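I have placed the structure first, in the form of structure tokens, so that the comments after it can refer back to it.
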Amino acid sequence: VSLHPASATLTLFFALVAHAGANVLNDYYDSRSGCDAANTDRVFPFTGGSRFIQNGIISERAAGAFGYALLAAVVPAGLWLTWHSAPGLILVGLLGLLVGWAYSAPPLKLQSRGMGEFAITAAWLLIVVGSDFVQRRAFSFAPLAAGLGYALLVANVLYINQFPDIRADAQVGKRT
């Protein structure tokens, strides 16, 4: 498989944009639930959210709009990448957007239901699978095998970072 530099660069950039969108939405929904405000046991800067909303850097409403705008910005790029690769990428993209949104957003709130690590594993695995798909223009088992270790590592970093947040999470009903 030969590397297509333009599509590889676009894939990387918009994977980062999607990740940023999911993170901003997580801050937004943690603020709405009161979780970040209740978190006094956090380990700065590693746990307890970015604190952008709590420190007045951005309003809660603006954070929500920004998070959704970042996720929406991924759609045209995904369609362009689909046009240059194959229609199967639409499925990967839709699943990725769904997981990024459902991680924090009601009614699913996967991270509040003890399913956050599974969602993170799926999200990062989808990035690897989607990136490979753009280059191969087809699905392959190789990115699943190669990406699973990475996805599990990211999920475990998230898992260990939750321990300082346990009391604040419990106060708002999050089962992390």
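The values are calculated or read from the model by the stated rules, or taken from the named source; none is laboratory data. Every value quoted in this text rests on a predicted model; they were computed, and no experiment measured them. A quick note on method: Cβ atoms are made from the backbone with ideal geometry, for glycine too, and the neighbour counts reach across all protein chains shown. What goes into the accessible areas is simple: the full protein's heavy atoms, side chains included, and nothing from ligands, DNA or RNA. Shrake-Rupley method; radii C 1.70, N 1.55, O 1.52, S 1.80 Å.
Observations on the model:
- Considering the range 49-60, and only residues there that are in contact (Cβ under 8 Å) with a residue 24 or more places away in the chain and not hydrophobic (A, V, I, L, M, F, W, C), the residue that is surrounded by the most Cβ atoms within 10 Å (Cβ to Cβ) turns out to be 50.
- Any hit, the range 118-136, residues being in contact with a Phe, Trp or Tyr (Cβ under 8 Å, 6 or more places away or on another chain), closer than 23 Å to residue 162 by Cβ and either small (Gly, Ala, Ser) or not in a helix (DSSP H, G or I) (or both): yes
- Odd one out for residue 6 among (1) under 19 Å from the mean Cα position of the chain (by Cα); (2) farther than 18 Å from residue 109 by Cα: (1)
- Qualifying residue in the range 159-176 (condition: surrounded by 18 or more Cβ atoms within 10 Å (Cβ to Cβ), in contact with a Phe, Trp or Tyr (Cβ under 9 Å, 6 or more places away or on another chain) and free of Cβ contacts under 8 Å to residues at least 60 places away in the same chain): no
- Residue in the range 146-156 that is open to solvent by 30 Å² or more (accessible area, probe 1.4 Å), in a helix (DSSP H, G or I) and within 25 Å of residue 34 (Cα to Cα) present: yes
- Filtered residue count, the range 72-105, keeping only those that are touching a residue at least 60 places away in the same chain (Cβ under 8 Å), within 16 Å of the chain's Cα centre (by Cα) and open to solvent by less than 20 Å² (accessible area, probe 1.4 Å): 3
- Residue check, residue 63 out of contact with any His (no Cβ under 8 Å at 6 or more places or on another chain), open to solvent by 30 Å² or more (accessible area, probe 1.4 Å), in a helix (DSSP H, G or I) and free of Cβ contacts under 8 Å to residues at least 60 places away in the same chain: no
- With respect to the conditions (1) touching a His at 6+ places or on another chain (Cβ under 8 Å); (2) modelled with pLDDT of 95 or more, residue 143 falls short on a single one, namely (1).
- Taken together, the residues in the range 95-109 that are of a type in the set (Gly, Ala, Ser) and more than 13 Å from residue 33 (Cβ to Cβ) amount to 3.
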